Each structure stands twice: as C-alpha cells, then as structure tokens.
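Laboratory data are not the source of any read-out in this text; all were calculated from the coordinates shown. All of these numbers come straight from a predicted model, not from anything done at the bench. Counting neighbours? That spans all protein chains shown, and the Cβs are built from the backbone with ideal geometry, glycine included.
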Amino acid sequence: MVHSSLEEQSDPISKPTGLGYLFVALVILLAVTWTATYTITEREKRDALQSATLHSDRLVEFFERHAGTTFQYADDYIKTVRRLFRHDRSLNSVREYMTAVPPSSTILSHVTIMDAAGSPIFISTGREEKKIRPGIHARDRAYYKFQKSNQSDSVYISTARTGRDTGLMTVRLVRRITNAAGEFDGLLFAAIKVPQLLNFFESMRLGDNSSVTIVGLDKTIRIRQSQNGFEGIGKAVPQSQLWERLPQSATGSYRQLSVVDGVTRLWAYRKVGDFPIVAVIGTADEDTLAALSDIQAFRYAVAFLISAVGVVLVFFARCAIINTRLQTELEERKRSEAILLKAKEDAEQANAAKSEFLAVASHELRTPLTSIKGSLSLMVEGALGAIPENAIGMLNIANRNTNRLIALVNDILDMEKIESGSMEFNFQTVNLSNLVKEAVETNKGYAEEFDVDFILGTIIPEATVYGDADRLVQVVSNLLSNAAKFSPSGSEVTISVSRENGIATVSIRDRGAVSPRNCAIISSKNSLKQIHRMHGRKVELVLV
C-alpha cells in the first residue's frame, strides 16, 4: 500500500505534461532571468548613486577643510598686519613684519591696505612692495561698500576676479580698519590665489560634468569651476535648495538641476568654519551612471543568451532534475528521522539512568547520615551518658558536617526535581524578619566555626514577600554560610531588613577577601521571579 501510494503521489510530477508544462517552465525561466537582470541593474544604479553620495560627502569634507585652512591662514595674517598698523598708524612696522614673515606665495598673491576713501596706500607680497598707480580706488567694489557700511568686525570674501596688475585670479578676504573712536578708517585684504583653493579639483573630480563651488551666505557664487571653466562667478542663486537645507544642517546633500548650466547634479555641501561661505561639490548623474552602461549592456546580452539556452534545455532537463531532487529529499528525510529517533532514545535512557542513580544514591546516603545525626544529637545532649568536655567540641563538628552532608543530598534531590519539572513550591506571604532570624539561628554553627559574628542590623518587622518560605530560608542560609566562609576571622556579617517604595529588601554585607565590601540582596514586590548575578563574590538574588 505504501509503495502504491508513493507512485500515485509522484505521478503528476514525474510524468511529462506535454507542451503546457514546457510552456510554464519556459515562462518561469524567462521571468526569473529578466526580473533578476532588471533588479540587479537597478540596484547597481542605486548603489552607484549612493556611492557617489558618499564619495561626494568625503570630497566636500576635504574641500571644506582645505578651503577653511586657506581662508583661516589669510585671515590670521591680515589680522596681524592690522594690529601692527593700528598700533602707530605707520607702515614701517607692517613692512618689517612682512619682510621678516612673508606670506606664503602659493596661497596669497599680495596684501593691500586702503584708506577710508578706498585708495590703496600699501600693496606688498612680503618680498616686494608694489608701486601704487595714481587714481586707482575700490569705492565701486562690493567689499569696500560692505565694510564701510558694516558696524561689526566681520570678514568679507569677495567674488573671484582677475587682478588688474597681476593677471591672477584671486578671492579677496577683507576686514575693516577703525580709528580710536571705532569709526571706519579704511580696510585691508589678502588676495588668495584661486588655483590654491581648487588645485585638487582636476585630479579628484567625479566625472567630466562635475563642478566645485564656493558660494556666499548672501546667495551669490564666489568661485565656480566646471566643464565650462570658471562659469557662473558672481551669479545669484536664491532658488537653490541649499538655502532650505543649510539652516537645518551645516552639511548634507541634495539633487537639483543646476541654475548655471542646466545639468542635474548631486550637490554635497559643507559650511566653511566661521566664514560666511559654503563649499559645494556637484556630481552629475550622467557621469555616475556612464560607467555602468557597458556592464548593463553585457548583462542584458547574458540574459538573452540564458533565455535562449533555457528554451533548449528546459524540456530535456526537467524530468532528471525533479526525479533526482525527490529521491534526494526522501533519503535525507529518512536519515534525519532515524537520527532524531536515535537521539531521543539515547536522551531518554540517559535521563532515566541519571534519575535512578540520584534516587538510589540519595537514599543510600541519607539513611546512614540520618542515623549518624540522631546518634550524635543524643550524645551531645547527654542522653547516652556524660561526655568528656574535650569530646563535645568534636561531636559538635561531626554533627555540623553531618548536617551539611544531609543538606547536600537534599540539594541533589531538589536539582533532580527541578530538571524533571516535579519540584513543587508552597507560595505564601513570608515575614522577612522571622525568616532572617531563622536563617541566622540555623547558621550559628558556621559563625562559630569560622569565628565570625552575625549582627542584625536595621530590621523592619512588617517587611514581607510572597514566595516559598523553605526556599527563601535556604537562599538566605546559603548567603550567610558563604559570608562566614570567606570573611576574615574576627569580622562581622551584617544582616538587615528594610522596606522602601513598596519593596522589601534583605541585604547581607561581609568583609570578604575578593572585594572590600560585598553585598547580597534579596528583594520582592508582589510576585516571585528569581534573577542570579555573580560579580566576583557579590551575589544578588532579586524577587520582583
């Protein structure tokens, strides 16, 4: 019957189903192939865009640090020059300083000092003081107008432009000069070379259509370089998403069509230190995805080839694959069932043997131990006649050790009950004060043996917990015996019972060797749940 049933169940799968089955298999193959190809391709696009975002974030971070360091150097330098000029309103000290400490020629083109009318009175590279042409002024420049109307000592960074005399493209970092009354009395600036700010861009640019920009907080572009060169410098860009995002975060990214050249880019930005400018790196989506085009074409070609081969192979491979799979699964299932059955039998036999051993061993041990304990108790109490005084101590030691052995046998039996699930608990309301006193009385022998005093600390009579009284006494007794064992001779073990916020607590403190102050705590609130933790010799049992 079993053999026949298996044949009947496997017939619909193993027997050919004609053109209909072949068509279904072919459709599945084509769907899987092309869906996987499309999914992988789209995932690569997403990964490429995400990778470009991460790369742009790292690149703009480098650019911001580089630009910030450059602007900070220029600002620090002209602040020093301004301080020297303010001191005595003499250019001699400025000349001496710039000769002794000339500015870096790779960063700064020159330093200029202008009077209140915007006419230059000093232009120097530090190595050479330039001759000032008569009649030139900066009254028409934005940086002059800004600093003249400005009432605070704010830095101004100009748009990039090519110098009239030097022919170099520079950005000017400008600060105002005031007189003793705090009134505007001129300005000075450091001309920063644009190549110094953008020298990394050509070697690290993220594609032919990428761009690098420094834009002021007044929404005007200071410097910009892209595939079209220095395009867009001085252009206002109030429609950029940057102004929506910048108040929320000093660093971030967004995707937007460029208002300068119409290219869609991923824009990564970072505010440059304390300066009123933002560093921006733009990565064009077409550059990011261009590297994937050849791979995607190859992948679709492979998908087409797989589809063509699948049309040929599906029909011939169908029966062999299914039959092999069914046979393998059947054999594997039989092996797994045999292994599980054998493991179950072995576990049951081992557990039965263990239980039998524990029951026999515990019975064989407890019977003579109980007899010994009874005899020792009679002898100590004098029921069998007078006992020499020097023998009483030995009998007490033997009696205590007998009690320990009986407790150990009981623990073994309890462990076996817990593992078998037959342990029974008698839950009731337990007075912690009485419980502690009972435990202390039970363990007086330990205190005497190890020369330790059990001291009752603060005891709250009404402190109660809900649990098994015998088990709780056993817990406290174990903690007290451990405290006695590991405390120095002549020391004290303090037992306290307290209650706070509806929680009753028993704490046991000793002076053990592991730490200067060990604490074991039992506390309870409403229901019973045991949690054990070990910290060196610190034991905590919480009933919550």
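Over all other residues within a Cβ to Cβ distance under 14 Å of Ile177, the charged ones net out to +3, with Lys and Arg as +1 and Asp and Glu as -1. Annotation: extensible slack from Thr162 through Asn92 equals 22.3 nm (criterion: 0.36 nm per residue apart, minus Cα-Cα distance). When peptides 300-310, 272-282 are ranked by their average number of other Cβ atoms within 10 Å per residue, the highest-first order is 272-282, 300-310. Listed values for the stretch 301-312 are Karplus-derived 3J(HN,Hα) couplings in whole Hz (6.51 cos²θ - 1.76 cosθ + 1.60, θ = phi - 60°), namely 5, 5, 4, 5, 5, 4, 5, 5, 5, x, 4, 7, and x replaces Gly and Pro.
Taking all C-alpha pairs of the stretch 157-236, those more than 16 Å from each other amount to 59 percent. Evaluating 6.51 cos²θ - 1.76 cosθ + 1.60 at θ = phi - 60° for every residue in the stretch 111-119, the Karplus couplings come out as 10, 10, 10, 10, 7, 5, 8, x, 8 Hz, glycine and proline recorded as x. Using equal-weight Cα scatterers in the Debye expression, the normalised intensity of the stretch 29-85 in log10 at q = 0.14 Å⁻¹ is -0.62. Applying 0.36 nm per residue to the separation of Thr429 and Leu378 and subtracting their alpha-carbon distance, the gain on full extension is 14.8 nm. Which residue, chosen from Ser105, Ser56, Leu84, occupies the Cα position most advanced towards the positive end of the dipole of the stretch 25-126, where the dipole is computed from +1 (Lys, Arg) and -1 (Asp, Glu) charges on Cβ about the Cα centre? Toward the positive end, the furthest listed residue is Leu84.
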